[in-house]
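The values are calculated or read from the model by the stated rules, or taken from the named source; none is laboratory data. Keep in mind that what you see is a predicted model, and the values were worked out from it rather than measured. So basically every Cβ, Gly included, is an ideal-geometry build from the backbone, and we count neighbours across all protein chains shown.
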Amino acid sequence: MTTKGSVVIIGPAHPLRGGLATFDQRLAREFLDEGYDCVIYSFSLQYPSFLFPGTTQYSTDPPPEGLTIFSRINSINPFNWWSVGEELRRRRPDIVVVRYWLPLMGPALGTILRRVKKNRYTRIVAITDNVIPHEKRPGDKPFTRYFLRACDGFVTMSEKVMRDLRTFQPDRPARQVNHPLYDNFGAPIPITDARKLLREKGVDIGDKDRVLLFFGFIRQYKGLDIALRAMADPRVRNLGIRLLVAGEFYEDAAPYHQLIAELGLGDRLLLRTDFIPDSEVREYVCAADAVIQPYRNATQSGVTPLAYHFEKPMIVSNVGGLPALVPHEKVGLVAEPEPTSMAEAILRFFTLGTSYFHPGLQSEKQGYSWSRLVENLLLLGIPKMDDSWTLFLDRDGVINVEKEGTYILHYGEFVFYEGVKDALRICSQVFGRVVVVTNQRGVGKGMMTKTDLQDIHNKMIAAIAETGGRIDRVYFEDSLDDDHPRRKPGPGMGHDAKRDLPDIDFSRSVMAGNNLSDMEFGRSLGMYTVFIRTTNPEQPLPHPSIDLAFNSLYDFAKHLHRP
C-alpha cells in the first residue's frame, strides 16, 4: 500500500506504562489514520530500577492492536545508542518525532539522533514536554543542550516550555500546540455509573458525595499536600467535600499519611494509590465533580486534556502553563498554590456548580486535536529545500485571483493575490526551478487564442521578475477532455517539464495548488503536495493526496524562509 511518508516516533510505549506511552501510542495511531507509515522505537531499559520511584515500569495491559513497537533503546548503554542510531539512519524515515521530558535522556537520545542525521535525509522534530525539569539535578543543562542541538524543530505544549526552549534554542523553528485530548479512554459515562463501578472495586464513594479528583503519580511538585491542607479548611470540611486520590506514589508516602492523620482527614479521603491502568481511567475521571491540580510548578499537564475529554471542570494552580490551558471561570478556576486560595477556589466551584462550566469546556476542547498536532509536526518536518528542488505551481487560484465561472481572457483581468510576488521572490531563492502547470479550457473553447494566453504569461513573468522572482517554464493544456493525459490530474505536463529540465527530480519537487486535481497530479509523480486554501477553504483535512495546507502561497513561502 502506498503511504504519504514514513514516521518514526522515539519515546516510551508498551510494555512501558504511563502518560508518555499512552500519548506516543495515540500519536502513532493518528499518523497511521492519516496515511503515514509509522512505527515506535521505545526503550528496552528506560530507567535503571534504582532510579525509578514507582513499583514497576511495565503495564499489564495487552499490547495495543495495529501498532508496531520496537523496544530497542537502552538509556544507559552508549554502545546501544550508536547501534540504534545506525539502524534508524539506514531505515531513512522522512521524519523522526522524538519525545523529550527529562535531561537524563539527553545523552542517549542526542547520540541516537546524531547518527540518524548522518543520512542527510531524515528531519528530526522534538516534542519537548519539559526543557527545564521540575526537579533540578546536576547535568540538566549540558544534557538538554546536547539533545536540542540534534533537532531540526520543536513542538511545545505550553508557553512556559516555549520560553524555556528559547533560552537554549533561540532560532530553530518551533510551534506551540495544545496537548491533544486523551480520547483513547472511551466516551464519558454518567457520574452515577462511574461511581457504581468504583464501588465494585472497593471505593467507598456515594452517589450524592461531592468529590474532587487528584489524578496521576504523586510527587512533591504536584502539590498533593496543598490539596490536603485545603481540604482541612473548616469551610471545605463543613460542606462534606471528599478528595479522591488516584495515582501511585513516586516518592516516600509516609509524610503524606502523617499529614492526613494530623489533619484528621481520614473520612474525607478516598485513596487509590496504585497505578491506574488505562482501562480504569474513565471510571475515576467520570466519578468526580471536578479535577484538582494544585501544582507548585508546572509546564503543562496530561491531566488537563484528560479532564477536557471527559468535560470535567478543573481547579488549577496559577503556575507555569496551567492558567493559559484553563481559562478562569470558563472551564475551571485558577488559584494560588497555597491552601487558603485553593480552599476558596473549591468553595467557589461548588457554588457555581458543574453545569456552569460545561459550555466553556465544550467550546475550548475543540482546539485540542491530534490532527492539529500532526499538522504542526509535519510543518516542522518539511525537508530542507534548496536549489536541487523544483516548485510546481498551479496558476489560477494560486498566483492570481480566479475568475469565478469563466476564464482570464487577457492580462487586464489578471490580478495577483496579495503577497504572491513576495512569495515568488522567496521561492526563487530556495528552489532551483519554478514551473507553472495550468489547465486552460478557455483556449479549447475558443474564448481566447494561444497567442492571447502567451501574452498573459509573458506579462505575468515580467511582473514577477520586477520584484526579484522568476518563473522558469509555463506549461498549459487546453483540451476539453477530462481524461487527457496532459490535463491535470494527468501527469503529462510534469513529464514535459522533466524532458525540458532534466535536473528535475520528482521526489525532490513540490506541487502547490488550490484544487484536488493539483494534489493528485503531484501525488501521481511522487511529489510533496501543498494545498493552497484560497478558493477551497473548507477542504476537509487530512486528505490522502494532501501533505500540508496553507492559506496562501505567501504563507507557504514564509514557512520556507524560516530560520
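Summary of computed values
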{"item": "Selected residue (criterion: surrounded by the fewest Cβ atoms within 10 Å (Cβ to Cβ)) from residues of the range 210-229 that are under 29 Å from the mean Cα position of the chain (by Cα) and assigned to a strand (DSSP E or B)", "result": "I218"}
{"item": "Test: residue in the range 444-458 that is closer than 20 Å to I532 by Cβ, within 39 Å of the chain's Cα centre (by Cα), free of Cβ contacts under 8 Å to residues at least 24 places away in the same chain and assigned by TED's automatic domain parsing to the domain that holds I532", "result": "no"}
{"item": "Options R90, R72: the member that is surrounded by fewer than 23 Cβ atoms within 10 Å (Cβ to Cβ), at pLDDT 95 or above and part of a helix (DSSP H, G or I)", "result": "R90"}
{"item": "Residue check, A232 touching a residue at least 60 places away in the same chain (Cβ under 8 Å) and surrounded by fewer than 17 Cβ atoms within 10 Å (Cβ to Cβ)", "result": "no"}
{"item": "Flag if V303 is without any contact (Cβ under 8 Å) to a residue 40 or more places away in the chain, crowded, with 20+ Cβ neighbours inside 10 Å and closer than 30 Å to R29 by Cα", "result": "no"}
{"item": "Meets criteria (of a type in the set (V, I, T), surrounded by 17 or more Cβ atoms within 10 Å (Cβ to Cβ) and at pLDDT below 95) for T22", "result": "yes"}
{"item": "Selection count where residues are closer than 23 Å to F521 by Cα and surrounded by 18 or more Cβ atoms within 10 Å (Cβ to Cβ), scope the range 438-456", "result": "6"}
{"item": "Candidate set: the range 98-121, residues that are within 13 Å of Y41 (Cβ to Cβ) and in contact with a Gly (Cβ under 8 Å, 6 or more places away or on another chain); chosen: the one surrounded by the most Cβ atoms within 10 Å (Cβ to Cβ)", "result": "I112"}
{"item": "Per-region count, the range 108-130, residues outside any strand (DSSP E or B), under 23 Å from R219 (Cβ atoms) and free of Cβ contacts under 8 Å to residues at least 60 places away in the same chain", "result": "1"}
{"item": "Considering residues of the range 400-459 that are of a type in the set (S, T, Y) and out of contact with any Phe, Trp or Tyr (no Cβ under 7 Å at 6 or more places or on another chain) only, the residue farthest from I504 (Cα to Cα)", "result": "T406"}
{"item": "Criterion (buried (at least 18 other Cβ atoms within 10 Å of the Cβ) and not charged (D, E, K, R)) met by exactly one of A174, A254", "result": "A174"}
{"item": "A463, sole failed condition from (1) under 21 Å from N400 (Cα atoms); (2) of a type in the set (G, A, S); (3) not in a helix (DSSP H, G or I)", "result": "(3)"}
